[in-house]
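The values are calculated or read from the model by the stated rules, or taken from the named source; none is laboratory data. Since we're looking at a predicted model, the values are computed, not measured. Methodologically, a virtual Cβ is constructed for each residue, glycine included, from the backbone with ideal geometry; neighbour enumeration extends over all protein chains shown. Ligands, DNA and RNA are stripped out before the accessible areas are found, and what is left, the full protein with its side chains, is counted by its heavy atoms. Shrake-Rupley method; radii C 1.70, N 1.55, O 1.52, S 1.80 Å.
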Amino acid sequence: MSTRTILFTTIASASLLACSAADQGNATVPANATTAAASPAGAAQAGLPFAVTPVAAFDAPWAMTFLPDGRMLVTQKAGQLMLVSADGKTKTPLTGIPAVDSEGQGGLMDVVLHPQFAQNRMVYFSFSEAGPGGKGVALARGVLQDGDKPALQDVSVIFRASPYVEGDGHYSGRIAFAPDGQHLFFTNGERQKFDPAQDPKATLGKVLRLTLDGEPAGDPALAAKGFNPAVWSYGHRNLLGIAFDGAGNLWEQEMGPMGGDEINLIQAGKNYGYPIVSDGDHYDGRDIPNHDTRPEFEKYKVNWTPVIAPAGLIVYSGAMFPEWQGDLFVGGLASEALVRIDVNGTEATKGDQWGMNARIREVEQGPDGALYVLEDGEGGRLLKLTKPA
């Protein structure tokens, strides 16, 4: 039994159905991490570089995005897309969302705006569904109709993962538009099936590149080798965050198994090694060789053991916290934390980890440069993080 296995025996015994520690356990928070609960509006908290203001509460929120006028769209796991006023006081469910299978780790997932949203009012979202062969993650879009009865109209599914398989885990489903405005990137988890991450025909365990209409536009070199034409990179596990930085670099985070959460710099055609290598181990105690043993695979830029259970990812670009411009922020589920990663060009190192006394499912940047985080689970709050008064 490896050293990593011994370290994580307690966590593994708490895991259910061999799921990631992100959704089933609690990781250890480092002793030097700062911890605080949400405070009254605008109040500073000792040891934290921001004030924490509760804005609204939701039923198991998963992701969010801002409209140009400061309102928000927030997804709830069970299948509701909420239109939320800028002050959080009004929440209206949109009609038009397809049927969602929300068992296990499934649900209504990411939500992002088309790069020309101001002109076309188009919204993209991901969700898990049942279909031939089992279940999978789908990418859809619709047109936001505002007014007395807000709705998504003309909704259509433009891409589905392949194949659909049995089980309720590791859908992933994160969306990022490319700087060229002509493509989007879509993450497909390996659905706790391990081998599909290395299967060239499957989209599972992959970062995909698609046109804005959902047509495959993956790495041509991989397609020439017989890969699914949507595949951009492969050898991934459960990819729950993806974002471009100002230089056009694509960053991704994914949950490791029992240890080995990762921040990756995504490059076309690269194999990131899972499940052949990982700095974590299988939940049943079987060892997985470390990345360093197989240099032919692309290695992470940052990893965590014990895990933080990352969820959500942004590249910060706001004026409110200029010292963090260009850095990555991720939420922490098992670690109940907000985590900052220092970025220097194409390299990254661990920054701060602030305890939030709740599982953090999502992190987003507001129009004024404030940070917004969504707590996981029933009653999960939207918190606004600002410079202390």
Checklist outcome for this item: From the cross-link list Lys135/Lys193; Lys201/Lys225; Lys225/Lys299; Lys299/Lys350; Lys301/Lys350, the entries with a Cα-Cα span beyond 18 Å are Lys225/Lys299
Checklist entry - So what's the back-of-envelope 222 nm ellipticity for the chain, counting only DSSP H runs of four-plus at -39500 (n - 2.57) apiece and dividing by all residues, rounded to 500? => result -1000 deg cm²/dmol
Next on the checklist: For a quick check of understanding: with a 1.4 angstrom probe and all protein chains in place, what accessible area in square angstrom does His282 have, to the nearest ten?
Outcome noted: 20 Å²
Item to check | Spin-label pair Asp368/Ala389, simplified geometry with 7 Å Cα→Cβ offset, distance in nm | outcome: 1.2 nm
Next on the checklist: Straight-line reach from Lys387: which lysines fall under 19 Å, measuring Cα to Cα and dropping same-chain residues less than 8 apart?
Outcome noted: none
Checklist outcome for this item: So, with points 7 Å from each Cα along the Cβ direction, the Glu166-Glu296 label distance in nm works out to 3.3 nm
Item to check | Antiparallel bridges, percent of DSSP beta bridges restricted to the range 59-182 (to nearest 5) | outcome: 95 percent
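Counting alpha carbon pairs within less than 8 Å and at least 6 residues apart, what relative contact order, in whole percent, applies to the chain?
Reported as a whole number, the value is 17 percent.
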Checklist outcome for this item: With all protein chains present, the range 230-291 has a carbon and sulfur share of its accessible area (1.4 Å probe) in percent of 45 percent
Checklist entry - Where in the range 57-121 are there trypsin sites (Lys or Arg not before Pro) that are in a DSSP coil and have at most 11 other Cβ atoms within 10 angstrom of their Cβ? => result Lys89
Next on the checklist: Just to confirm my numbers, what's the Cα centroid distance between the range 325-384 and the range 210-246 in Å?
Outcome noted: 25 Å
Checklist entry - Which value, in Å², gives the accessible area per residue of the range 148-304 when a 1.4 Å probe is used on the protein heavy atoms? => result 36 Å²
Checklist entry - Given R₀ = 25 Å, FRET efficiency for Gln182-Thr346 by Cβ-Cβ distance, to 0.05? => result 0.60
Next on the checklist: I'd like the antiparallel share, as a percent to the nearest 5, of DSSP beta bridges with both residues in the chain.
Outcome noted: 95 percent
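State to the nearest 20 debye the size of the charge dipole of the chain about its Cα centre, where the only charges are +1 on K and R beta carbons and -1 on D and E beta carbons.
Here the chain has a charge dipole of around 200 debye.
Show me 252-262, 358-368 ranked by packing, highest mean number of other Cβ atoms within 10 Å first.
Packing order, densest peptide first, comes out as 252-262, 358-368.
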Item to check | Cross-link reach list, aspartates and glutamates versus Lys270, counting only Cα pairs under 14 Å and skipping chain neighbours closer than eight places | outcome: Asp199, Asp219, Glu252, Glu296, Glu298
Item to check | In range of the label at Thr95: residues from the range 132-166 whose backbone nitrogen is under 20 Å from the point 7 Å along Cα→Cβ | outcome: 141-157
Item to check | √(5λ) per eigenvalue of the Cα gyration tensor, the range 98-226, largest first, Å | outcome: 25, 20, 10
Next on the checklist: Please report the antiparallel percentage of DSSP beta bridges with both residues in the range 195-325, rounded to the nearest 5.
Outcome noted: 95 percent
Next on the checklist: Could you work out the percent of alpha carbon pairs in the chain separated by over 39 Å, rounded to a whole number?
Outcome noted: 10 percent
Next on the checklist: Could you tell me the center-to-center distance, by alpha carbons, between the range 247-279 and the range 66-83 in angstrom?
Outcome noted: 28 Å
Next on the checklist: For a protection proxy built on the mean count of beta-carbon atoms within 10 angstrom, sort 135-144, 373-382 highest first, please.
Outcome noted: 135-144, 373-382
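Hey, what did the range 112-183 get for relative contact order, percent, Cα under 8 Å, at least 6 apart?
In percent, rounded to a whole number, it is 29.
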Item to check | Proximal lysines to Lys149, defined as alpha-carbon separation beneath 21 angstrom and excluding residues fewer than eight positions away on the same chain | outcome: Lys89, Lys91
Next on the checklist: If I histogram all Cα-Cα distances within the range 236-288 using bins 10 Å wide from 0, what percent of pairs lands in each bin?
Outcome noted: 24, 49, 21, 5, 0
Item to check | Length added when fully stretched, Gln267-Asp154, from 0.36 nm per residue minus Cα-Cα | outcome: 37.3 nm
Checklist outcome for this item: Distance in nm between Ala221 and Asp284 label points, each 7 Å along Cα→Cβ, equals 3.6 nm
Item to check | Relative packing of 185-195, 102-112, which averages over residues the other C-beta atoms within 10 Å, highest first | outcome: 185-195, 102-112
Checklist entry - If eta is 0.890 mPa s and T is 25 °C, what Stokes-Einstein diffusion coefficient results for the range 258-326, Kirkwood Rh from Cα pairs, in µm²/s? => result 178 µm²/s
Checklist entry - Measuring with a 1.4 Å probe in the full set of protein chains, what accessible area per residue, in whole Å², belongs to the range 81-128? => result 40 Å²
Checklist outcome for this item: A 1.4 Å probe over the protein heavy atoms gives the range 57-115 a carbon and sulfur accessible-area percentage of 52 percent
Checklist entry - Extension gain Ala86-Lys201, at 0.36 nm per residue separation less the Cα-Cα distance, in nm? => result 37.0 nm
Checklist entry - Given springs between every Cα pair under 10 Å in a Gaussian network model of the chain, which of Leu371, Leu204, Leu48 has the largest fluctuation? => result Leu48
